[in-house]
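Structure first, commentary second.
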Amino acid sequence: MSKKKTSIIILILAVLIICIPEVYASQMKKAKIYYKNKVIVLMYHHIDKTESGATISPARFGTHMKLLDEKGYNVISVEQFAEFMKKKIKVPNNAVVITFDDGYDSFRQYAVPIMEKYGMVGTHFIIGTSSDLHNVKTAHLTWEDMRDMKQEGHSFYSHTYDLHNYGPLNKDGSKTGPMLSNPLYLKDKGRVETDKEYLARITKDLSLMEQRLDEELNNDYQMIAFPFGAFNEKSKKVLSDLGVTLFFTTRPGINKPGNDEIYRLNAGTPKLTANKFLERLEEYHD
């Protein structure tokens with residue numbers, strides 16, 4: 001064998017000796033098991049270059065997705081999650097679902113390209129009236145955009161049609177509460193809604209939302225994220241009667257099969273640095 005060929009072989013072996021352990025270590029890191037037969041659901045709202053309140057930057061969201069990928073978390077669709085919660089399928093170890101609330105167009109503009117970079121999909125709980133009428137300052141998703149994104153594996157469900165507001169609970173309006181979970185004060189009648197009136201109002205809104213989702217997206221599943229995380233047994237019963245099977249709250253926790261009220265971790269805050277994001281997830285490791 002010539003010296004030249006020997007040198008090439010030695011060089012190749014040296015490269016393999018250096019690289020193989022790194023590749024192996026990387027695969028081992030991704031294979032690490034943090035939890036089994038459970039799912040963490042993350043909650044986001046708006047993405048914008050200027051951060052505030054429940055708005056985070058594209059860079060911060062990108063860091064979150066990069067960390068999920070690097071640390072070996074497995075993002076699944078909300079439909080897989082729904083089947084898992086009904087005890088019909090298993091999910092990968094370290095399973096995560098990514099959700100957004102409110103229907104902002106920033107989901108399409110920023111979140112989707114970042115998620116797709118890592119082969120991930122997300123779910124957005126939209127406010128029906130905002131996508132129907134576009135009567136708000138911040139751009140909301142159009143039904144056409146949602147149909148396009150649905151083809152790529154993303155999904156869209158209810159955040160009510162027009163109950164994402166606080167309403168008056170007393171005569172002078174000094175006391176207010178979420179419109180879904182509270183009988184409202186009727187100024188023209190000088191009293192609070194009766195139980196019958198309250199149920200009729202929320203049923204009209206919630207059924208309209210399910211109708212619009214069916215008309216525009218033809219979803220196979222029915223789910224809701226409660227506005228402000230507020231609900232009661234009466235509103236849940238109305239939704240159940242309409243076919244809704246999963247109820248997403250704002251309560252933190254990790255999800256195990258058999259429950260229909262879903263815990264979510266609020267990841268959409270500027271206060272959540274990369275390290276704090278990981279620490280938040282690690283709270284639910286076995």
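Among the residues making up region 209-230, those that are crowded, with 20+ Cβ neighbours inside 10 Å and either in contact with a Pro (Cβ under 6 Å, 6 or more places away or on another chain) or of a type outside the set (Val, Ile, Thr) (or both) are 209, 210, 213, 223, 225, 226, 227. Just one of the listed residues (128, 122) is in contact with a helix residue (DSSP H, G or I) (Cβ under 6 Å, 6 or more places away or on another chain), within 27 Å of residue 284 (Cβ to Cβ) and buried (at least 18 other Cβ atoms within 10 Å of the Cβ), and it is 122.
Among the residues making up region 151-191, a single one is among the aromatic types (Phe, Trp, Tyr) and either more than 29 Å from residue 98 (Cα to Cα) or at pLDDT below 95 (or both): 185.
Does residue 55 meet the test of being of a type in the set (Val, Ile, Thr), closer than 19 Å to residue 130 by Cβ and touching a residue at least 24 places away in the same chain (Cβ under 8 Å)? Write out each step before concluding.
Values: of a type in the set (Val, Ile, Thr): yes; closer than 19 Å to residue 130 by Cβ: yes; touching a residue at least 24 places away in the same chain (Cβ under 8 Å): yes.
In short, yes.
So the check is Cβ under 9 Å with 6+ separation or different chains; which pairs have a first residue in region 201-225 that's farther than 15 Å from residue 164 by Cβ and a second one that's of a type in the set (Ser, Thr, Tyr) and exposed (fewer than 15 other Cβ atoms within 10 Å of the Cβ)? Close Cβ pairs (under 9 Å, with a partner that is of a type in the set (Ser, Thr, Tyr) and exposed (fewer than 15 other Cβ atoms within 10 Å of the Cβ)) amount to 221/245; 222/245; 223/245.
Would you point out which residue out of 194, 250, 245 is surrounded by fewer than 16 Cβ atoms within 10 Å (Cβ to Cβ), closer than 24 Å to residue 96 by Cβ and among the β-branched types (Val, Ile, Thr)?
On the way: 194 fails: closer than 24 Å to residue 96 by Cβ; 250 fails: surrounded by fewer than 16 Cβ atoms within 10 Å (Cβ to Cβ).
Checking each option against the conditions leaves just 245.
For residue 91, the conditions (1) in contact with a Phe, Trp or Tyr (Cβ under 7 Å, 6 or more places away or on another chain); (2) surrounded by fewer than 20 Cβ atoms within 10 Å (Cβ to Cβ); (3) not acidic (Asp, Glu) all hold with the exception of (2).
Exactly one residue out of 66, 36, 71 is surrounded by 11 or more Cβ atoms within 10 Å (Cβ to Cβ), more than 16 Å from the chain's Cα centre (by Cα), within 26 Å of residue 260 (Cα to Cα) and modelled with pLDDT of 95 or more: that is 36.
Residues in region 258-268 that are surrounded by fewer than 17 Cβ atoms within 10 Å (Cβ to Cβ), in a loop (DSSP other than H, G, I, E, B) and on the phi < 0 side of the Ramachandran plot: 259, 260.
Which count do you get for residues in region 183-207 that are assigned to a loop (DSSP other than H, G, I, E, B) and not basic (Lys, Arg)? Don't jump to the end; show me each part of the working.
Residues of region 183-207 that are assigned to a loop (DSSP other than H, G, I, E, B), as a first pass: 183-184, 187-190, 193-194.
Now drop any that are not not basic (Lys, Arg), which leaves 183-184, 188, 190, 193-194.
Adding up the residues that qualify gives 6.
Quick check on this structure: which one of 102, 148, 132 is at pLDDT 95 or above, among the charged types (D, E, K, R) and within 20 Å of residue 250 (Cα to Cα)? Step through it out loud before you land on a result.
Numbers: 148 fails: within 20 Å of residue 250 (Cα to Cα); 132 fails: within 20 Å of residue 250 (Cα to Cα).
Of the residues listed, the single one that is at pLDDT 95 or above, among the charged types (D, E, K, R) and within 20 Å of residue 250 (Cα to Cα) is 102.
Every residue, every condition in (1) within 17 Å of the chain's Cα centre (by Cα); (2) under 25 Å from residue 35 (Cα atoms); (3) assigned to a helix (DSSP H, G or I); (4) of a type outside the set (Ser, Thr, Tyr), yes or no:
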site: 228; (1), (2), (3), (4): yes, no, yes, yes
site: 231; (1), (2), (3), (4): no, no, no, yes
site: 271; (1), (2), (3), (4): no, no, no, yes
site: 277; (1), (2), (3), (4): yes, yes, yes, yes
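Residues that are more than 17 Å from residue 141 (Cβ to Cβ), charged (D, E, K, R) and touching a Lys or Arg at 6+ places or on another chain (Cβ under 9 Å) occur at least once in region 170-181.
The values are calculated or read from the model by the stated rules, or taken from the named source; none is laboratory data. All of these numbers come straight from a predicted model, not from anything done at the bench. FYI the Cβ positions are ideal-geometry reconstructions off the backbone, even for glycines, and counts take in every protein chain you see.
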